[in-house]
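The block underneath contains the structure these notes are about, expressed in structure tokens.
The values are calculated or read from the model by the stated rules, or taken from the named source; none is laboratory data. Predicted model, so just to flag it, every value in this text is computed and none were measured. Note that each Cβ is placed from the backbone with ideal geometry, even for glycine, and that neighbours are counted across all protein chains shown.
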Ligand code: PMV
């Protein structure tokens with residue numbers, strides 16, 4: 001049965017940085033994110049005797065042998081669960097071209113997990129789907145449930161799963177994503193996660209992280225944007241402090257990233273409630289409430305070096321759709 005799924009990328013408010021178990025991608029800490037409306041992956045999967053080997057293609061984009069192998073490894077896990085020996089054709093399309101510098105592994109592995117399970121006739125509960133997606137790429141588990149999502153670090157493979165803590169309608173937040181560099185990452189997050197404990201700041205970050213999560217969730221449930229935004233920004237800086245002091249150090253920011261960070265502080269001093277967060281790359285996610293979206297879009301658009309702006313609202317999680325890519 002040919003099956004197609006769509007999944008959103010997500011932006012972490014409290015970051016996953018560091019693993020307890022690399023093979024099954026068990027994280028060192030729980031994390032918290034929002035699904036994004038305008039950064040999505042669509043994937044169609046079909047298993048058939050007609051295919052003599054697994055065929056992986058990105059609609060209109062090249063796929064490296066490393067990426068193709070990760071995808072084949074992931075569907076092999078599902079194929080084994082289904083007891084199938086058939087090969088598959090997999091076609092994937094991102095709403096954000098690779099050249100935008102937006103990471104596609106979260107939306108990619110979430111869409112792949114839902115589409116491949118459907119194509120194999122496997123039915124899973126949401127919790128199981130998040131566990132399977134996590135094995136493909138950690139942050140992918142947060143792209144399965146709807147809206148605002150917590151990934152519980154858990155104590156084992158079965159207990160490290162993601163769940164929605166509020167639907168996308170809970171809070172009209174905006175992530176005004178500023179693309180400032182379109183090149184691919186030099187160091188993958190998989191490699192970066194493995195070196196965290198070489199940072200002298202790592203243990204300190206871990207000691208306070210459960211408390212940070214509980215304060216952030218309090219501010220979130222109260223829809224207190226100023227309290228929430230400040231915690232999110234501080235948390236981003238804490239992760240980047242670890243990244244920058246790991247061995248080897250990971251410096252993901254460029255000059256435009258820093259200019260945006262300084263501008264956002266200045267706009268805040270001028271009375272605009274706006275905060276930033278940044279993942280493993282130079283692009284800046286500018287957070288505001290919907291009522292300030294237009295103002296923020298025009299302010300970031302005036303900064304030289306911002307090549308594209310993608311405005312995201314909170315989104316639903318991964319789901320199947322009826323139109324296929326082939
Ligand atoms: O899922 P990965 O291995 O790409 O790691 C994601 C790491 C960050 O994006 C930096 C943080 C996060 O929680 O999404």
Can we say residue 160 is under 21 Å from residue 36 (Cα atoms) and either in contact with a strand residue (DSSP E or B) (Cβ under 9 Å, 6 or more places away or on another chain) or at pLDDT below 95 (or both)?
no
Quick one: residue 88 ticks every box in (1) under 22 Å from the mean Cα position of the chain (by Cα); (2) surrounded by 18 or more Cβ atoms within 10 Å (Cβ to Cβ) except a single one, so which number is it?
(1)
For region 185-203, give me the residue count where each residue is more than 21 Å from residue 98 (Cβ to Cβ) and part of a loop (DSSP other than H, G, I, E, B).
4
Filter result for the condition that a residue is in contact with a strand residue (DSSP E or B) (Cβ under 7 Å, 6 or more places away or on another chain), under 21 Å from residue 278 (Cα atoms) and modelled with pLDDT of 95 or more, over 91, 149:
149
Residue 252 vs (1) within 16 Å of the ligand (Cβ to nearest atom); (2) part of a helix (DSSP H, G or I); (3) within 19 Å of residue 33 (Cβ to Cβ): all pass except (2)
Out of 92, 44, 37, 80, report the one residue that is more than 18 Å from residue 190 (Cβ to Cβ), out of contact with any helix residue (DSSP H, G or I) (no Cβ under 7 Å at 6 or more places or on another chain) and part of a strand (DSSP E or B).
37
Collect the residues in region 47-68 that are surrounded by 13 or more Cβ atoms within 10 Å (Cβ to Cβ) and part of a helix (DSSP H, G or I), keeping them in residue-number order.
67, 68
Of all the residues that make up region 97-123, how many are more than 15 Å from the ligand (Cβ to nearest atom), in a loop (DSSP other than H, G, I, E, B) and modelled with pLDDT under 95?
1
With the structure loaded, tell me whether residue 62 is closer than 27 Å to residue 278 by Cβ, away from the ligand (no atom under 16 Å from the Cβ) and over 20 Å from the mean Cα position of the chain (by Cα) or whether it fails that test.
yes
Is at least one residue of region 145-165 in contact (Cβ under 8 Å) with a residue 12 or more places away in the chain, within 16 Å of the ligand (Cβ to nearest atom), crowded, with 19+ Cβ neighbours inside 10 Å and assigned to a helix (DSSP H, G or I)?
no
If I go through region 209-227 residue by residue, how many of them are assigned to a helix (DSSP H, G or I), away from the ligand (no atom under 15 Å from the Cβ) and closer than 16 Å to residue 165 by Cα?
7
Give the residues of region 191-203 that are surrounded by fewer than 16 Cβ atoms within 10 Å (Cβ to Cβ) and touching a residue at least 40 places away in the same chain (Cβ under 8 Å), sorted by residue number.
194, 197, 198, 200
May I ask you to list the residues in region 11-26 that are within 11 Å of the ligand (Cβ to nearest atom) and closer than 16 Å to residue 191 by Cβ?
16, 17, 18, 19, 22, 25
Does region 166-182 contain any residue that is in contact with a strand residue (DSSP E or B) (Cβ under 7 Å, 6 or more places away or on another chain), surrounded by 21 or more Cβ atoms within 10 Å (Cβ to Cβ) and assigned to a loop (DSSP other than H, G, I, E, B)?
yes
In region 279-299, what count of residues is obtained for those that are in contact with a strand residue (DSSP E or B) (Cβ under 8 Å, 6 or more places away or on another chain) and buried (at least 22 other Cβ atoms within 10 Å of the Cβ)?
8
Qualifying position, being surrounded by fewer than 19 Cβ atoms within 10 Å (Cβ to Cβ), part of a helix (DSSP H, G or I), in contact (Cβ under 8 Å) with a residue 12 or more places away in the chain and in contact with a strand residue (DSSP E or B) (Cβ under 7 Å, 6 or more places away or on another chain), among 230, 206
230
State yes or no: is residue 32 in contact with a helix residue (DSSP H, G or I) (Cβ under 6 Å, 6 or more places away or on another chain), modelled with pLDDT of 95 or more and either more than 13 Å from the ligand (Cβ to nearest atom) or under 25 Å from residue 95 (Cα atoms) (or both)?
no
